[in-house]
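Step one of this worksheet: look at the structure below.
The values are calculated or read from the model by the stated rules, or taken from the named source; none is laboratory data. A quick note: this is a predicted structure, and the numbers were derived from the prediction, not measured. FYI the Cβ positions are ideal-geometry reconstructions off the backbone, even for glycines, and counts take in every protein chain you see.
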Amino acid sequence: MNRQRIKAIAKKEITHVIRDPRSLGMGLAIPVLLLVLFGYGLSLNVDNVPLAVWDQSNTVTSRDLIRDFTNSEAFQAAGVCHSQRDTEEIIQSGQAIAVLVIPPDFAEKTARQEPATVQLLVDGSDSNTARLSIMYADGITKNAAQTAAMSIITAYNPAMDTTWSIIPGLIAIILNVIAAMLTSLCVAREWENGTMEQLISTPMRKGEFLIGKLVPYYIIGVIDLIIAVLMALFLFGVPLNGSLPALAGVSGMFIFTTLSVGILISTAAQSQLLASQLALVITFLPGFILSGFVYDIKAMPAVVIAITKLIPATYFVSLLRTIFLKGTWGMAPTKELLFLTLFAAVILAMTMKKLKLNLDGR
Amino acid sequence: MSEKSVTVRNLTMSFKEVQAVKGISFEVSRGEVFGLVGPDGAGKTTTMRILAAILTPDSGEARILGFNSAADREKIHDRIAYMSQRFGLYQDLTVEENMEFYADMYGVKRSELKASMDKLLDWSSLAPFRKRPAGKLSGGMKQKLGLACALIHTPELLLLDEPTNGVDPVSRKEFWNLLYKLVDEGLTIIMTTAYLDEAERCHRLVFMDKGKITARGTPQEIVSLIPGGVLKFNSDNPFEESNKIAESTKAVSTVFGSQVHVMGSITEEDIQRSISRPLQITRTKGSVEDAFVYLSETNHA
């Protein structure tokens, strides 16, 4: 390993990015844009979900619970049912999206401090609204149970503000995309411009080439991370309950993981167009759809859940949410960090194998 | 240390179905300007890449400065400079930055860098353009910058793949003057070219055609391969008359501007017979270009 060569490659690479407005824009402006766009636009909050009620208990306690629902911003009263058929019809007609069914023994059980169950029928055709309705309902009934002097569970994100859970996920997606997209171009570009043929005629070694290429994009990734975290904290008011070193450590590892994916793509693809498209398909789509950023992994089929376990973004999204919102640092993150490290190691080993500093087989 | 800078033995190289190099052998002595001359697709670039130790031949051996091109890549890369057809310049980096980059890649000491950079900038007359991005240089200047980058680590052997391709005649002449200066300093140069006037400037050369060497020697030796020299006459319809001669005799006939050059076992009378107008035919030794046409034509037949 020759430090002079590594430095020369890194310096050259930084110069490329700084002198190319598109790279610079992609590296620094797009993360900000994405955060603002998704932070405000992709707010998954729902309010005023039409809620019908079948109150079989018809007591002070049950009416209290119903008021808890209708007074919340999440639900608004949309009708009363008197039978099973009523509940089905009101959902089918679309008049209500959810029906709260309170059993006849609700008041007695509550009085005896036994767990009382209520039923929520939800129109599942809009799975997202359904999921959120259940989440809200869950929160309301838990609070109701609190008045019945049951054990209190403090849930994270008590405000049920989805922006809070979206922003950490979004940071993961942005780092994923930016790092992989930018690096995916960096080797392919050398081949396309004919400079690779010149480079491989120098005494340069594989390791020097890879490190020299990775360092500049790592720096960009860290800058993006800092911008994103500052925006999360000060623009969107997401609380950082966990420790800053934990955040830095986990993110630092994740950036490395996603950079290694980018450089493997770039090494394998040989054309910038193919590389950027591959990067998009391999990192952005799974990161967006399968990482648990937007869709709940628990609700996916078993096969898909298995796939999500192979995506670094899945671990990072959950780690970031844990650090930001829960603030805990238990055993689980260690396992996830281990996966990220292993993942990067495997990908880099593949890159070393794939990278050829000669024209053989071309 | 052998006095041969490069020794090539029975080199072959294929790409899928195409055999680009079909068993060539040649030697290059220290301090020579050696030319690989031939048309496009002759296998020149492939040979050059093997010499630059960036491509492994299917069979045969190329020894560069005593090292095997397939086994001792890194040792070769430390000692040679290779200038690919596209120069390998970074268009967005300035003249200076490109030179600094390649100096670092070859481990040139920072303390020595400034002096050798100034020398090369001065030598290539690029000094006024230090801060200009390589992409904004003219073709001739790009080529000189490519050469300056290649020379920054004072290599023992310089490999140039079509260095003058697409460069104007004035710049080409300047470029050759620079090359001769380098040879005076003891550098060995191997270059490929499709320009036949450049072939005459090489100390020794091989003709390559369809992966084979069809002739070798000094330019004088190559010219002497045309039996009986070249018969020339001026013509208003050179192509038509050249074709007539080629059809009615076994000679090789080609057009140089408004002149028809005829080579092979043919006399002035034979030519006069096929062209029905009085001709003023002169006989000369011919040039490398004539020899090239003659050799490639007779090789195909």
> Among A:232, A:179, which is the only one that is modelled with pLDDT of 85 or more, away from every other protein chain (no Cβ under 14 Å) and more than 30 Å from residue A:64 (Cα to Cα)?
Replying inline: A:232
>> I'd like to check something: does the range B:36-55 contain any residue that is of a type outside the set (Gly, Ala, Ser), more than 30 Å from residue A:2 (Cβ to Cβ) and touching a Phe, Trp or Tyr at 6+ places or on another chain (Cβ under 7 Å)?
In response: yes
>> Please verify whether residue B:55 is more than 14 Å from chain A (Cβ to nearest Cβ), buried (at least 19 other Cβ atoms within 10 Å of the Cβ) and over 25 Å from residue B:176 (Cβ atoms), treating the condition exactly as stated.
In response: no
>> Yes or no: the range A:11-18 includes at least one residue that is more than 27 Å from the chain's Cα centre (by Cα), part of a loop (DSSP other than H, G, I, E, B) and either within 14 Å of chain B (Cβ to nearest Cβ) or modelled with pLDDT under 85 (or both).
In response: no
>> Take the residues in the range B:83-101 that are within 21 Å of residue B:160 (Cα to Cα) and within 7 Å of another protein chain (Cβ to nearest Cβ); name whichever of them is surrounded by the fewest Cβ atoms within 10 Å (Cβ to Cβ).
In response: B:86
> Of the numbered conditions (1) under 16 Å from the mean Cα position of the chain (by Cα); (2) on the phi > 0 side of the Ramachandran plot, residue B:37 satisfies every one except a single condition; which is it?
Replying inline: (2)
> residue B:86 versus (1) at pLDDT below 95; (2) assigned to a strand (DSSP E or B); (3) among the charged types (D, E, K, R): which is the lone unmet condition?
Replying inline: (2)
> Say we look at the range A:318-342 and pick out the residues that are closer than 18 Å to residue A:233 by Cβ and part of a helix (DSSP H, G or I); which of these is modelled with the lowest pLDDT?
Replying inline: A:326
> How many of the residues in the range B:68-82 are within 8 Å of another protein chain (Cβ to nearest Cβ) and in a helix (DSSP H, G or I)?
Replying inline: 4
> Looking only at strands (runs of 3 or more DSSP E) that fall completely inside the range B:200-284, which ones have 1 or more residues that are modelled with pLDDT of 90 or more and closer than 30 Å to residue B:9 by Cα?
Replying inline: B:204-209, B:212-217
>> Regarding the range B:180-189, can at least one residue be identified that is within 20 Å of residue B:263 (Cβ to Cβ) and either in a helix (DSSP H, G or I) or basic (Lys, Arg) (or both)?
In response: no
> Restricting attention to the range A:261-305, which residues are surrounded by fewer than 16 Cβ atoms within 10 Å (Cβ to Cβ), in contact (Cβ under 8 Å) with a residue 12 or more places away in the chain, outside any helix (DSSP H, G or I) and within 20 Å of the chain's Cα centre (by Cα)?
Replying inline: A:296
>> Under 7 Å between Cβ atoms, which residue pairs at least 6 apart in sequence (or on different chains) link something in the range A:196-209 that is more than 7 Å from chain B (Cβ to nearest Cβ) and touching a residue at least 12 places away in the same chain (Cβ under 8 Å) with a partner that is surrounded by fewer than 19 Cβ atoms within 10 Å (Cβ to Cβ) and in a helix (DSSP H, G or I)?
In response: A:206/A:352
> Which residues, taken from the range A:193-217, are among the aromatic types (Phe, Trp, Tyr) and at pLDDT 95 or above?
Replying inline: A:209
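Quick grid of which residues meet (1) of a type in the set (A, V, I, L, M, F, W, C); (2) without any contact (Cβ under 8 Å) to a residue 40 or more places away in the chain; (3) touching a Cys at 6+ places or on another chain (Cβ under 9 Å):
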| site | (1), (2), (3) |
| --- | --- |
| B:20 | yes, no, no |
| B:31 | no, no, no |
| B:37 | yes, no, yes |
| B:45 | no, no, no |
